[in-house]
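To start, the structure under review is shown below, and the notes come after it.
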There are 2 protein chains.
Amino acid sequence: MKANSKVRARVMDTVTRLFYEQGFQATGINQIIEESEVAKASLYEHFPSKEAILQAYLEDATAQWRSEFEEFCKGKAAGDKTILALFDYRKFLAVKRGFKGCTFIRVVYEMPNLDKAALEVILRHKEYIRKMLKENIALLPSRRSPKEVEELAEMIVSLYEGCGVQSSLERSARSIDSARKIAQKLLE
Amino acid sequence: MKANSKVRARVMDTVTRLFYEQGFQATGINQIIEESEVAKASLYEHFPSKEAILQAYLEDATAQWRSEFEEFCKGKAAGDKTILALFDYRKFLAVKRGFKGCTFIRVVYEMPNLDKAALEVILRHKEYIRKMLKENIALLPSRRSPKEVEELAEMIVSLYEGCGVQSSLERSARSIDSARKIAQKLLE
DNA sequence: ATATAAAAACAGACAAGTCTGTACGAAAAT
DNA sequence: ATTTTCGTACAGACTTGTCTGTTTTTATAT
């Protein structure tokens, strides 16, 4: 009964909060066990190391992102509406969490020599977004060549990542709103 | 004779390398003094704390960035050529340093509760870039309203920051090349 | 339902090492 | 002669991870 244990869930809840607020390195094992209300021995029964916690966290967080985003898109038409929802979701998260930037880029930037497996999870996540963009761009009324689709997707990815960075510098949603408007124009 | 001391310069050279390669937190005082070939007492004679080293590093690095970028623009016409040089310089740096992203965003993302003074230095730097963009956009032959200038600058900032993030994920210059092309098109 | 066996979570001490920053007197440079 | 740099020992607090033994929970058998 290790898989559906409550220890794992409590640890994940805690690190989801702490890793985002403080960063991975600034969060110690002792703080994790204290705030999860879990014994140290129990934690190490579930995760062999702090690195393993990070790995599990990234897997959970990317999955959570996708499911919440898909929820966010419910009721929205495919095409431009879904693409714009990407910016709406980013804004929603940024406001909720105090403009500290993208969870995943944060990890990559904090640890330039990141574990290969961890980077893999993040790349897969970003690939999911890119694919979603391309599919939805292809659905738009104005017909575009594959090359044009590719280029527009690239541009929206840049806008998306760029406004995330910018909003964390300014600690405001201004750049996200702005990026959304620009994207809207590009999608016409 | 503290200002033109060699200790300060050697420490700055070392941390410029180490902070970028490993990150600030992962770089210890002991590693700094060892690789700078400086005694610990000497280091603390020049910098009251590790935080102070970070502050001096950010000031030096932003100043260095600007002077090197201006060197990079020498011989280039004002307007679109200068704006595109921003991407060329980013590519130059990214290739040279192994695609670990923007120096300054790295610091912001690594330490979400960064010192106010340190954040100030970074914001000033990013403001410098934005101002440079607006000035050069205004010089372009196709006349634009102030609002259009503002919006185009915003877009190029996003492209610039976005491709920096993207290139560090992919560990390649592809996204920088791509962003440059898109910028070129937008500037027509 | 109740007794028993097995699994899981517990609290906390401890090891072994890291970290930043201070203090000392000696050596070197100006 | 005065300032700077040096080497190094040290304090004190922190780090991750291990280990021990106890208590609680869960599953099974009667």
Inset, instruction - Enter the mean number of other protein chain beta carbons within 10 Å of the beta carbon of each residue in A:123-135, as an integer. - result: 1
Inset, instruction - Could you point to the residue in A:Pro146, A:Ala77, A:Val107 farthest towards the positive end of the stretch A:63-157's charge dipole, with +1 and -1 charges on the Cβ of Lys/Arg and Asp/Glu respectively? - result: A:Ala77
Inset, instruction - Report the extension gain between A:Glu135 and A:Lys181 in nm, rounded to one decimal, defined as 0.36 nm multiplied by the number of residues separating them, less their alpha carbon distance. - result: 14.5 nm
Inset, instruction - Run the numbers on the stretch A:50-187 and let me know its relative contact order in percent, using alpha-carbon pairs under 8 Å that are six or more apart. - result: 35 percent
Legend entry - Theoretical ellipticity at 222 nm over the protein assembly as shown - DSSP helices of four or more residues, -39500 (n - 2.57) apiece, nearest 500: -25500 deg cm²/dmol
Legend entry - Mean Cβ count within 10 Å, highest first, over the residues of peptides B:113-121, A:5-13, A:85-93: A:85-93, A:5-13, B:113-121
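Give the Rg/Rh ratio for the protein assembly as shown, taking Rg as the radius of gyration of the Cα atoms and Rh as the Kirkwood radius, to two decimals. Don't skip to the end; give the middle numbers.
Working: Rg = 22.0 Å, Rh = 22.3 Å.
On the Cα set of the protein assembly as shown, Rg over Rh gives 0.99.
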Inset, instruction - Would you mind listing the distances between the A:Arg171 label point and the same position in each other copy? Use 7 Å along Cα-to-C-beta, nm, one decimal, shortest first. - result: 3.5
Legend entry - Rg/Rg_globular for the stretch A:33-137, with Rg_globular taken as 2.2 N^0.38 Å and Rg from C-alpha atoms: 1.27
Legend entry - Label-point gap, in nm, between A:Val95 and B:Arg66 - each point 7 angstrom along Cα→Cβ: 3.6 nm
Inset, instruction - Kindly provide the pair-distance distribution of the stretch A:92-170 built from C-alpha pairs, with 5 Å bins from 0 and whole-percent values in order of increasing distance. - result: 3, 13, 20, 19, 19, 14, 9, 3, 1
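Find, to one decimal place in angstroms, the Kirkwood hydrodynamic radius of the stretch A:1-47, where the mean of 1/r is taken over every pair of different Cα atoms and then inverted. Let's see the in-between values first.
On the way: mean 1/r = 0.0939 Å⁻¹.
Computed over Cα pairs of the stretch A:1-47, the Kirkwood hydrodynamic radius comes out at 10.7 Å.
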Inset, instruction - Report, as an integer, the average count of C-beta atoms from other chains found within 10 Å of each Cβ along B:102-114. - result: 5
Inset, instruction - With a ≥ b ≥ c taken as the square roots of the eigenvalues of the C-alpha gyration tensor of the stretch B:11-82, please select rounded if a/c is under 1.5 and otherwise prolate if a/b is larger than b/c or oblate if it is not? - result: prolate
Inset, instruction - Could you pull the copy-to-copy label distances for A:Asp13, with points set 7 Å along Cα to Cβ, in nm to one decimal and sorted shortest first? - result: 5.4
Inset, instruction - Would you mind counting up the charge near B:Ile137? Only other residues with Cβ under 13 Å from its Cβ, with Lys and Arg at +1 and Asp and Glu at -1. - result: 0
Inset, instruction - One decimal, nm, shortest first: give the distances between the label point of B:Ala138 and those of the same position in the other copies, each label point 7 Å from Cα along Cα→Cβ. - result: 4.5
Legend entry - Pairwise centroid distance, computed over Cα atoms, of the stretch B:7-63 with the stretch A:53-118, Å: 34 Å
Legend entry - Buried area at the B-A interface (accessible, heavy atoms, 1.4 Å probe, summed, Å²): 3500 Å²
Inset, instruction - Can you spot the lysines whose alpha carbon is less than 17 Å from B:Lys116's alpha carbon? Ignore those fewer than 8 places along the same chain. - result: A:Lys100, B:Lys50, B:Lys126
Legend entry - the stretch B:1-69: relative contact order as a whole-number percent, Cα under 8 Å and 6+ apart: 36 percent
Inset, instruction - Note down the nm distance, to one decimal, between modelled labels 7 Å out along Cα→Cβ at B:Ala9 and at B:Gln25. - result: 3.4 nm
Inset, instruction - Would you work out what percent of the accessible area of chain B, with all protein chains in place, is carbon or sulfur (probe 1.4 Å)? - result: 52 percent
Inset, instruction - Hey, could you grab the Kirkwood Rh for chain A? Inverse mean 1/r over distinct alpha carbon pairs, Å, one decimal. - result: 18.0 Å
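The values are calculated or read from the model by the stated rules, or taken from the named source; none is laboratory data. Bear in mind that the values here come from a model prediction, so they are computed numbers and not experimental data. Neighbour counts are summed over all protein chains in view; Cβ atoms, including those assigned to glycine, are modelled from backbone coordinates with ideal geometry. Heads up: the accessible areas ignore ligands, DNA and RNA and are worked out on the full protein's heavy atoms, side chains in. Shrake-Rupley method; radii C 1.70, N 1.55, O 1.52, S 1.80 Å.
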